[in-house]
Amino acid sequence: MNDALVPRITAISGILIGATIVSSIPLYFMYQGPPPAWNVLTRNLINLLTCAGFIVFVSGFAHAVRRADAAYEWPASVICGPGILFTAMALVGVSLETGTGPRTTLRAATCSPR
């Protein structure tokens, strides 16, 4: 890949992160009670896009730091490692939230009062 293209991709992924975060926040506060399944799945799909953009952003930022000077190899690793680890933890949270949402809504809809 061309090294001139990496900063542009990093910037685009940063803009994608900002746009997806801003678009997913209202989905958390739309309903008083438990949200419907479509809401949970939509906001978690948006969060998956946010995590993908964050991986690209952290990798591109670490690449830019490495290209600045060879002495910055260690700070670039310090940037990239925790960023990827944070993304992995966020993906675990997204998977747990996605797995409980539709099941809870379905169970509440199919239970009959006694």
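Where a number appears in this text, it was derived from the coordinates with a stated rule and is not lab data. Everything numeric here is computed off the predicted structure, so don't read it as measured data. Using ideal geometry, Cβ is built from the backbone for each residue, glycine included, and neighbour counts are taken over all protein chains shown.
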- Query: Any idea what angle helix 73-110 forms with the longest principal axis of the chain, computed on alpha-carbon atoms, 0 to 90 degrees, nearest 10?
  - Reply: 10 degrees
- So how strong a dipole does the chain carry about its Cα centre when Lys and Arg Cβ are +1 and Asp and Glu Cβ are -1, to the nearest 20 debye? 480 debye
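Given the DSSP H assignment, sum -39500 (n - 2.57) over each helix run of at least 4 residues in the chain and divide by its residue total; what's the result at 222 nm in deg cm²/dmol, nearest 500? Provide the component values of the computation, followed by the final result.
Numbers: 3 runs with 94 residues, N = 114.
After summing the helix terms and dividing by the residues of the chain, the value is -30000 deg cm²/dmol.
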- Roughly what angle does helix 37-68 make with the longest principal axis of the chain, taking Cα atoms, 0 to 90 degrees, to the nearest 10? 10 degrees
- Calculate the radius of gyration of the Cα atoms of the range 5-105 to one decimal place, then report Dmax, the largest Cα-Cα distance, as a whole number, both in Å. 16.5, 54
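If you stretched the chain out fully between Gln32 and Ile84, how much longer would it get, using 0.36 nm times the residue separation minus the C-alpha to C-alpha distance?
Working: separation 52, 0.36 × 52 = 18.72 nm, distance 3.37 nm.
Residue separation times 0.36 nm, minus the Cα-Cα distance, leaves 15.3 nm.
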- Note on the structure: Among Thr42, Val78, Asn2, the residue whose Cα sits farthest towards the positive end of the charge dipole of the chain, when +1 is placed on the Cβ of each Lys and Arg and -1 on the Cβ of each Asp and Glu, is Thr42
- Message: As I understand it, the value is the acute angle between the Cα axis of helix 5-28 and the longest principal axis of the Cα atoms of the chain; what does it come to in degrees, rounded to 10?
- Response: 20 degrees
- Item | Cut-off of 10 Å, at most 14 other beta carbons, DSSP loop: longest stretch of the chain lacking such chymotrypsin sites (Phe, Trp or Tyr not before Pro) | 32-114
- Item | Distance in nm between pseudo-label sites at Leu45 and Glu73 (7 Å out along the Cβ direction from Cα) | 4.4 nm
